[in-house]
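Everything below concerns the one structure shown next.
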Amino acid sequence: MMLERQRILVVDDERINRKLLSELLEVHHDVVVAKSGEQALERMQADTGIDLILLDVMMPGMSGHDVLRRLKGNDATKDVPVIFITSLNSVDDEEIGLDLGAADYIIKPFHPGIVRLRVENHLRFVRQRKMLETLAGRDCLTEIDNRRRFEEVLEREWRRAGRGTGPMSLAILDVDYFKQYNDHYGHARGDQALKAVAKALSGGPHRSTDFVARYGGEEFVMLFPGTGAAGARELAETVRRAVETLCIPHEYSAIAPHLTVSIGGATSEDFQAPALALVEAADSMLYRAKAEGRNRVVWLA
């Protein structure tokens, strides 16, 4: 079976280096280029399919170190491996890069064979990690089910509900002011906070058919098959209170001195529409919950 082509972002202010690296790698991979740190961040924001970044350290304006700090500070990009390619060749320089979170360090002038082999090694790790996450259906950070697994369960339960098993309710939960939490407390504590929220969610629903998963970033989802609006809303409220009682300090929240969550939910008894309609309805209620002040549950019956 042919492997899917992986995507590499090459970031270097020197055109000749971008050209050499692109020609070296584009035989087996899709290559995207950027000529500055600012442009690299724009590329990452626009393209969520980047698997690996080759990043120059010494660039005008934003340095490679600054770019890496920004990447590691963003939940959407923090897990993308970065290989520094640089003329800085002291042990101290390498230590700085690795301490910032770089996956590897290649010294200029680079040897094409070495670059190719190291790139292949890191892309293999990326491919294996994605395969394991997919097969396991688990989120590596929180150790609860992931979005892919949720989508599978939702489709299955939606079909079952269509055969007359009763209503279905769904809630989407968002951690309030989580970016501010990460910015001021650091991402290690941010990860710990997400784990604590996941544990609070997992302790909420008690029936074997109820389901919780990490939806992405600081969002989680709860599915309640066979549960009407009143019961599901009360379950969601129980989860909201459970997160509050964790009393995780959050000095930079605009609504409370501790970590809180906003929850939007919806209930459906019409299973002729696609299951995505229920997700969209819950998401619109989450938007309302945040617009109305956060740290609350808003439900659409």
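Positive end of the dipole of segment 147-300 (Cβ unit charges, origin at the Cα centre): among 281, 180, 161, the Cα lying farthest that way belongs to 161.
When Rg and Dmax of the Cα atoms in Å is computed from the coordinates, the matching label among (i) 22.3, 68; (ii) 18.9, 58; (iii) 17.5, 50 is (i).
My understanding is that a pair violates if its Cα-Cα distance is over 31 Å; which of 199/290; 78/108; 35/290; 130/195; 72/199 do that in this structure? From 199/290; 78/108; 35/290; 130/195; 72/199, over 31 Å: 35/290.
Among beta bridges from DSSP that stay inside the chain, the antiparallel ones total about 50%. Distance between Cα centroids, segment 74-104 to segment 175-205: provide it in whole Å. Taking the Cα centre of segment 175-205 as reference, the centre of segment 74-104 is 26 Å away.
Put the Cα centre of segment 3-39 next to the Cα centre of segment 210-279 and the gap is 41 Å.
Scaled against 2.2 N^0.38 Å for its residue count N, the alpha carbon radius of gyration of segment 15-132 is 1.00. Using the alpha-carbon atoms, what tilt in degrees (0 to 90, nearest 10) does helix 15-25 show relative to the longest principal axis of the chain? On a 0 to 90 degree scale, this one is about 70.
Under the combined filter of DSSP loop state and at most 14 neighbouring Cβ atoms within 10 Å, segment 196-301 retains these chymotrypsin sites (Phe, Trp or Tyr not before Pro): 252.
Bear in mind these aren't lab numbers, they're just calculated from the coordinates by the rules spelled out. Bear in mind the structure is a predicted one, so any value in this text is a computation, not a measurement. We place every Cβ from the backbone using ideal geometry, glycine too, and count neighbours over all the protein chains shown.
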